[in-house]
């Protein structure tokens, strides 16, 4: 190495891994935007109910992107090790985070949980996603 960054390991130079990383980053960015809007909604109170559709849209986008990241990661794992789920903490947390946002999307559809409860569910899921993003990467 004469300067700059070292080359990536060969297992990270595959299309599946690069797609997985891109989708994972974009998915977490979307749910982070949704969470930031959720915090704003909680701070502003019931005056600004117009943010809830935007929170839902960002959460949906994040859910779809994280689902794509799970699929690309599973295909990358299969290509690399010959199996889909080695059941390490990062794969399991990734699945749990995706399932949590699945629940959040369904909470948004239940009339009794709209508003503050749905926003709180999204924030709780995001708070559990943070360790998955930072601790197991």
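Filter the stretch 119-137 for residues that are at pLDDT below 90 and under 11 Å from the mean Cα position of the chain (by Cα) and give the result.
Those that are at pLDDT below 90 and under 11 Å from the mean Cα position of the chain (by Cα): 128, 129, 130, 132, 133.
Could you grab the pairs with beta carbons closer than 6 Å, sequence gap of 6+ or different chains, first residue in the stretch 36-56 and at negative phi and at pLDDT below 90, second one outside any helix (DSSP H, G or I) and loosely packed, with under 11 Cβ neighbours inside 10 Å?
If the second residue must be outside any helix (DSSP H, G or I) and loosely packed, with under 11 Cβ neighbours inside 10 Å, no pairs are left.
Quick one: which of 132, 112, 127 is within 15 Å of residue 29 (Cβ to Cβ) and part of a helix (DSSP H, G or I)?
One residue alone meets the criteria, 132.
Please verify whether residue 19 is buried (at least 17 other Cβ atoms within 10 Å of the Cβ) and farther than 19 Å from residue 90 by Cβ, treating the condition exactly as stated.
No; evaluated as a whole, the condition is false for this residue.
Just one of 64, 92 is more than 21 Å from residue 22 (Cβ to Cβ) and in a helix (DSSP H, G or I); which is it?
Result of the check over 64, 92: 92.
The values are calculated or read from the model by the stated rules, or taken from the named source; none is laboratory data. What you see is a predicted model; the values in this text were computed from it and never measured. All Cβ positions, even for glycine, are placed from backbone atoms using ideal geometry, and neighbour counts span all protein chains on display.
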